[in-house]
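Here the structure is laid out as structure tokens; the discussion comes afterwards.
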Amino acid sequence: MSEPTRFSNFIRQIIEADIAAGKNGGRVVTRFPPEPNGYLHIGHAKSICLNFGLARDYGGRCHLRFDDTNPLKEDIEYIEAIKEDVCWLGFDWGEHLYHAADYFDQLYEWAVKLIRAGKAYVCDLTADQIRDTRGTLTEPGKESPYRNRSVEENLDLFRRMRAGEFPDGARVLRAKIDMASPNLNLRDPVMYRIRHEVHHRTGDRWCIYSTYDWAHGQSDAIEGITHSICTLEFEDHRPLYDWFLDQIDPPHRPRQIEFARLNLSFAVMSKRMLNELVRDGHVSGWDDPRMPTLAGLRRRGYTSEAIREFCERIRVARADSTVDMELLENTVREDLNPRVPRVMAVHRPLKVVIENYPEDRVEEVEAPNFPDDPPRMGLRKLPFCRVIYIERDDFMESPPKKFHRLSPGREVRLRWSYVIQCTGVVKDERTGEVVELRCTYDPDTLNAPLPEGRKIGGTIHWVSAAHALKATLRLYDRLFTVPNPAGGEADFKTYLNPSSLQVLQEALVEPSLAEARPGDRFQFERKGFYVVDLKDSQPGMPVFNLIVPLRDTWAKMVKTGQTE
RNA sequence: UGGGGCGUAGCCAAACGGCAAGGCAGCGGACUCUGGAUCCGCCAUCUGAAGGUUCGAAUCCUUCCGCCCCAGCCA
């Protein structure tokens, strides 16, 4: 489960002040209110950690409430996915699972109350007409000609709206506030619209559905929410939130507090865009490991601990911000580093024949599973023989000065094994491509410290040709090539990274990985953290997803030309 | 242009009138059978700008500048 927060923020300060002042009887009740119209993403994780974290730390409770007031967009598929994601993230709503739909009757009654009080009216204007009479940012709107209908007429019409006497869009119920308000949300906002739609929860019982504004604050009040936390774009709605509450005058009075939503560089976070990526097949689904969805991150191999820690580190404030993708990546690395076993996997194999090693000999060398603290995870045995494979990148025919891996005439250490020296290069006659290396090994160097003065440049990973397992490696990179794909001139999809997924079918992994089960995580030494794919990995044909690569200072040197 | 917000390092962010935390990134160095990890050090004379108040200002006041949100019968 989750642990107490380490950092305060302005919301905590408000809550602490409220508790000190004895507001709400000292109770803290929050809620996470997703609309079931898409999958949860890491931005939602920020909200979940915030809301459930507040409840956890102040001895309160946090409700999971589905804000399901629009049957056109919502689907039960999303309900289940959302519940799974919240659980996986490590939070528990206990008994407090709610749906705005459960309050439709109460909402209807309160609407009638507003009509009786002359604070709401049925308006026959079309959607277009309502828009045209709303005014602009600088000009006031015009009052609807239906604004001053009698209470009786309004009551009758509203009842008939509910009874299904009118087609979709024919009429709406509007709050009667102020068409000249500088806050457009107060210009007689719509409370109910007619939609002859089946709702996933209420079936065909209703054909009028409340809007967000008329449902949200009321739902908060019904549930006894004390602090209703939402994102900045709802700030303009707060006066309306409060106005509605004033009209119904509930026993519990929630307070809306807004914070800045999470933006992540090199990613998109809007449901519309994520939906589009899925719908148009740019990714394999909501759980594609490149997606910033919780389902995607889970499949990618991220741990819920890492995501919670990330949400902690990004903090909560009111300034619009975009967090560096690198912070997320650093957080998983830090989480995985101390708890994941190390193994060897050759991504792009290059054959090496050790000429002075006996043809039929097979040795077993011992390797610690967690070299930084060997006793913790024990040892495994690695078969070693005459023919091995190493990483293609670990050999260069004419290397720059600072390259300290294999090249003709040079020595390297094979991880947990011998020191070898490259004595020959075999090339494809046609292409000139290096297809094989001839080497010799030094029999005195197995697990032995090197004598004084003898220095070996580097250590590289390897697998035994006769024993290695074939594996598929899926190398994931950021989905977009620019820091702010949603903010560019062009459509965000034009910034899709064409190499966000590279599949290596010919990878070779050490035989101990035969035991690996879906969901198991490893560090492929010198490469990155990997997870056995939950869906596609098969016993004979394992599939590993790259969770996050290891920091690679050599790559950085190559990139900046610092190799000489 | 009306209303509502927000500006502290490349990216987050603290500081609540008392002398600019921390994290990520970056840069040095130590160590290393992972060019990983770890460890050590450096990294804002300064808080969007300009004025003002004050013994003292990122914090208070004024003006200006910039960015975000709002004209759905979406949430």
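The values are calculated or read from the model by the stated rules, or taken from the named source; none is laboratory data. Values in this document were obtained by computation on a predicted structure and should not be read as measured data. All Cβ positions, even for glycine, are placed from backbone atoms using ideal geometry, and neighbour counts span all protein chains on display.
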Practice problem: State whether the residues of segment A:224-239 include one that is under 28 Å from the mean Cα position of the chain (by Cα), crowded, with 17+ Cβ neighbours inside 10 Å, within 7 Å of RNA strand B (Cβ to nearest atom) and of a type in the set (Phe, Trp, Tyr). | Solution: yes
Quiz item: In this structure, does A:LEU328 turn out to be in the same structural domain as A:VAL482 (by TED's automatic domain parsing) and part of a helix (DSSP H, G or I)?
Solution: yes
Practice problem: Search segment A:313-325 for residues that are among the polar types (S, T, N, Q) and pair each with any residue that is within 6 Å of RNA strand B (Cβ to nearest atom) and part of a loop (DSSP other than H, G, I, E, B) when their beta-carbon atoms are under 8 Å apart and the residues are at least 6 apart or on different chains. | Solution: A:SER321/A:ALA260
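Quick one: is A:HIS216 in a helix (DSSP H, G or I), under 27 Å from the mean Cα position of the chain (by Cα) and in contact (Cβ under 8 Å) with a residue 12 or more places away in the chain? Break it down stepwise before answering.
Numbers: in a helix (DSSP H, G or I): yes; under 27 Å from the mean Cα position of the chain (by Cα): yes; in contact (Cβ under 8 Å) with a residue 12 or more places away in the chain: yes.
Taking the combined requirement at face value, the residue satisfies it.
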Exercise. Identify the residue in segment A:171-196 that is buried (at least 19 other Cβ atoms within 10 Å of the Cβ) and part of a strand (DSSP E or B) and, among all such residues, is farthest from RNA strand B (Cβ to nearest atom).
Key: A:ALA175
Exercise. Would you confirm whether any residue within segment A:420-437 is in a loop (DSSP other than H, G, I, E, B) and on the phi > 0 side of the Ramachandran plot?
Key: yes
Quiz item: Taking only pairs six or more apart or across chains, which ones have beta-carbon atoms under 8 Å, a first residue in segment A:543-563 that is in contact (Cβ under 8 Å) with a residue 24 or more places away in the chain, and a second residue that is of a type in the set (Ser, Thr, Tyr) and part of a loop (DSSP other than H, G, I, E, B)?
Solution: A:VAL543/A:SER537; A:PHE544/A:SER537; A:ILE547/A:TYR302; A:MET557/A:THR563
Self-check item: Filter result (within 27 Å of A:LYS535 (Cα to Cα) and surrounded by fewer than 20 Cβ atoms within 10 Å (Cβ to Cβ)) within segment A:242-270
Solution: A:MET269, A:SER270
Self-check item: Residue list for segment A:135-164, filter: in contact with a Leu (Cβ under 9 Å, 6 or more places away or on another chain) and more than 10 Å from RNA strand B (Cβ to nearest atom)
Solution: A:SER144, A:PRO145, A:TYR146, A:ARG149, A:ASN154, A:LEU157, A:PHE158, A:MET161
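Quick check on A:ARG521: is it within 25 Å of A:VAL340 (Cα to Cα) and within 22 Å of the chain's Cα centre (by Cα)?
Numbers: within 25 Å of A:VAL340 (Cα to Cα): yes; within 22 Å of the chain's Cα centre (by Cα): yes.
Considered against the rule, which asks whether it is within 25 Å of A:VAL340 (Cα to Cα) and within 22 Å of the chain's Cα centre (by Cα), A:ARG521 comes out as yes.
Test of understanding: among A:GLU235, A:GLU258, which residue is modelled with pLDDT of 95 or more and part of a helix (DSSP H, G or I)?
Numbers: A:GLU258 fails: part of a helix (DSSP H, G or I).
After ruling out the rest, the residue left standing is A:GLU235.
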Quiz item: Out of all the residues in segment A:114-129, which are of a type outside the set (Ser, Thr, Tyr), closer than 18 Å to A:TYR209 by Cα and within 12 Å of RNA strand B (Cβ to nearest atom)?
Solution: A:VAL122, A:CYS123, A:ASP124, A:LEU125, A:ALA127
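Residues checked against (1) in contact with a helix residue (DSSP H, G or I) (Cβ under 6 Å, 6 or more places away or on another chain); (2) part of a helix (DSSP H, G or I):
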| residue | (1), (2) |
| --- | --- |
| A:PHE52 | no, yes |
| A:GLU84 | no, yes |
| A:PHE91 | yes, no |
| A:TRP110 | yes, yes |
Exercise. Quick one: in segment A:346-379, of everything that is crowded, with 19+ Cβ neighbours inside 10 Å and under 23 Å from A:ALA448 (Cα atoms), which residue is nearest to RNA strand B (Cβ to nearest atom)?
Key: A:ALA367
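Based on this model, can you work out whether A:ARG413 counts as surrounded by 13 or more Cβ atoms within 10 Å (Cβ to Cβ), within 27 Å of the chain's Cα centre (by Cα) and either within 10 Å of RNA strand B (Cβ to nearest atom) or not in a strand (DSSP E or B) (or both)? I'd like the intermediate steps shown before the answer.
Details: surrounded by 13 or more Cβ atoms within 10 Å (Cβ to Cβ): yes; within 27 Å of the chain's Cα centre (by Cα): no; either within 10 Å of RNA strand B (Cβ to nearest atom) or not in a strand (DSSP E or B) (or both): yes.
Here the answer is no, as A:ARG413 does not meet what is asked.
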